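J.: Can you read through this structure? Questions will come right after.
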Amino acid sequence: MAALSHIPVLLYESLDGLKIKADGVYIDGTFGRGGHSRQILQRLGPNGRLIGLDRDLEAVAVGQELAAEDPRFSIVHTPFSHLVEVCAERDLLGKVDGILLDIGVSSPQLDDGQRGFSFDKDGPLDMRMDQSAEKSAQTVIATYDEKQLAYVFKVYGEERFAHKVAKAIVKRRESAPFTTTKDLANVIAGAIPSKPTPKHKATRCFQALRIEVNSELEELKQALQGALQVLAPQGRLCVITFHSLEDRIVKTFFREQSEGEKVPSVVPLTAAQLEELRLLSATLELVGGPQKAGEQELEHNVRARSATLRVAARLPAPKLREGE
């Protein structure tokens with residue numbers, strides 16, 4: 001289990017973004033193998049507290065080992081979309097000083113062929129981040145009709161030939177079911193009429209399947225909304241994404257929450273009044289711009305190349321004037 005290593009991406013940038021206080025309360029919403037969590041714990045004092053969340057049972061087992069070593073840490077088997085429920089149970093709504101979300105699949109999940117996330121190693125069509133969940137990649141491939149499959153590949157994988165791929169899958173499964181990753185990857189590659197490239201032709205469709213199986217984009221949207229209820233004033237939200245679909249969601253959410261309510265241009269307000277209205281309705285303040293891995297990190301971890309970190313701070317509730 002622990003033999004499958006995981007190098008935490010944008011580690012020091014994330015730690016800086018969290019602006020860790022020694023006695024603060026923090027949440028690592030994607031514990032993985034604990035790379036980020038262990039570094040957060042090193043910066044916490046004896047009264048600090050860190051809660052790890054993960055829906056992967058293998059990650060939770062590693063987290064339980066860490067919890068046995070360090071009483072400041074606890075692990076919860078749950079997706080990060082359940083931030084609000086976890087904090088409500090612990091009387092932590094509005095009291096968390098920082099949340100870290102490292103979105104997407106982890107290296108141990110990719111490297112274990114039996115998890116079915118990659119076609120580099122042949123394995124079962126699984127792709128479940130939570131091994132106790134019912135829906136797997138095989139379920140999707142075996143039961144979705146051609147239109148549904150094309151939608152998944154086009155929207156979540158941004159695959160140009162989504163309809164051709166879906167048609168090929170449906171035609172093939174009429175004669176024999178799909179059971180392994182390489183079998184599916186070969187059929188997908190054969191349906192895409194393009195020249196060979198360094199990136200395997202099935203890459204986009206496998207990404208799309210993984211997102212569909214784990215409801216990743218909906219989970220992310222729910223977690224971002226939940227963070228607004230969980231964070232204390234000036235609490236930090238750090239989100240690491242690995243592809244454009246995720247980053248677009250985070251970027252849009254941060255922008256909308258930092259800009260506040262839109263005021264129609266026809267409303268006669270001064271610049272000062274517009275800024276006051278923005279502050280009254282905004283919930284987040286952007287902290288710097290998007291951050292990417294540097295050359296030194298990329299030398300040791302090529303998977304960090306596509307990672308983007310965005311950071312925002314929770315604005316305190318506006319103070320009402322006397323009489324309001």
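J.: Below 9 angstrom from the Cβ of Asn214, what's the summed charge of the other residues (Lys, Arg +1; Asp, Glu -1)?
T.: With Lys, Arg at +1 and Asp, Glu at -1, the net is 0.
J.: Among the lysines, select those whose C-alpha is under 16 Å from the C-alpha of Lys95, and discard any that sit fewer than 8 residues away in the same chain.
T.: By straight Cα distance, Lys95 reaches Lys19, Lys21.
J.: With r as the distance between the Cβ atoms of Glu69 and Ser306 and R0 = 30 Å, compute the FRET efficiency 1/(1 + (r/R0)^6) and round to 0.05.
T.: Working from the Cβ atoms, E equals 0.40.
J.: Then there is this: How large is the dipole of the stretch 51-94 about the Cα centre if only Lys and Arg carry +1 and Asp and Glu carry -1, each at its Cβ, rounded to the nearest 20 debye?
T.: The dipole of the stretch 51-94 has a size of about 140 debye.
J.: Positive end of the charge dipole of the chain (Lys, Arg +1 and Asp, Glu -1 on Cβ, about the Cα centre): tell me which of Pro316, Gly24, Pro198 has its Cα farthest that way.
T.: Pro198
J.: In addition: Compare Gln234, Gln207, Gln296 in a GNM of the chain, Cα atoms joined below 10 Å, and give the one with the largest fluctuation.
T.: Comparing Gln234, Gln207, Gln296 in the GNM, the peak value goes to Gln296.
J.: Based solely on its DSSP helices, what 222 nm [θ] is calculated for the chain when runs of n ≥ 4 H residues each add -39,500 (n - 2.57) and the sum is averaged over all residues, nearest 500 deg cm²/dmol?
T.: -13000 deg cm²/dmol
J.: I've got another one for you. Give me the percent relative contact order of the chain, please, defined on Cα pairs under 8 angstrom at least 6 residues apart.
T.: 18 percent
J.: OK, next. Out of all DSSP beta bridges in the chain, what portion is antiparallel? Express it as a percent rounded to 5.
T.: Here the antiparallel bridges make up roughly 40 percent for the chain.
J.: Ignoring ligands, DNA and RNA, what accessible area per residue does the chain give at 1.4 Å, in Å²?
T.: In whole numbers, the chain has 50 Å² accessible per residue.
J.: Where the centroid of each part is defined by its Cα atoms, how far is the stretch 182-211 from the stretch 39-89 in Å?
T.: 36 Å
J.: Taking the chain as a Gaussian network, Cα atoms linked when under 10 Å apart, which of Ser136, Ser14, Ser244 shows the biggest mean-square fluctuation?
T.: Comparing Ser136, Ser14, Ser244 in the GNM, the peak value goes to Ser244.
J.: Quote the relative contact order of the stretch 1-122 in percent (integer), defining contacts as alpha-carbon pairs under 8 Å separated by 6+ residues.
T.: In percent, rounded to a whole number, it is 29.
J.: Give me the net charge of His200's neighbourhood, meaning all other residues with Cβ under 11 Å from the Cβ of His200; Lys, Arg count +1, Asp, Glu -1.
T.: Cβ neighbours under 11 Å give a net charge of +3.
J.: Estimate the FRET efficiency between Glu85 and Lys195 by the formula 1/(1 + (r/R0)^6), using the beta-carbon distance for r and 56 Å for R0, to the nearest 0.05.
T.: So, using R0 = 56 Å, E works out to roughly 0.70.
J.: While we're here: Treating the beta-carbon of each Lys and Arg as +1 and of each Asp and Glu as -1, no other charges, what is the dipole magnitude of the stretch 103-234 about its Cα centre, to the nearest 20 debye?
T.: Using only the charged Cβ atoms, the result is roughly 640 debye.
J.: May I pose another question? Would you work out the charge dipole size for the chain about its Cα centre, treating the Cβ of every Lys and Arg as +1 and the Cβ of every Asp and Glu as -1, and quote it to the nearest 20 debye?
T.: Charge dipole of the chain: 1000 debye, to the nearest 20.
J.: Let me ask you something else. May I ask you to compute the full-extension gain from Asp120 to Lys21, defined as 0.36 nm times their residue separation minus their alpha-carbon distance, rounded to one decimal in nm?
T.: This chain segment gains 31.5 nm when fully extended.
The values are calculated or read from the model by the stated rules, or taken from the named source; none is laboratory data. Because the structure is predicted, anything quoted here is derived from the model rather than measured. All Cβ positions, even for glycine, are placed from backbone atoms using ideal geometry, and neighbour counts span all protein chains on display. To get the accessible areas, we keep the full protein, side chains included, count just its heavy atoms, and leave off ligands, DNA and RNA. Shrake-Rupley method; radii C 1.70, N 1.55, O 1.52, S 1.80 Å.
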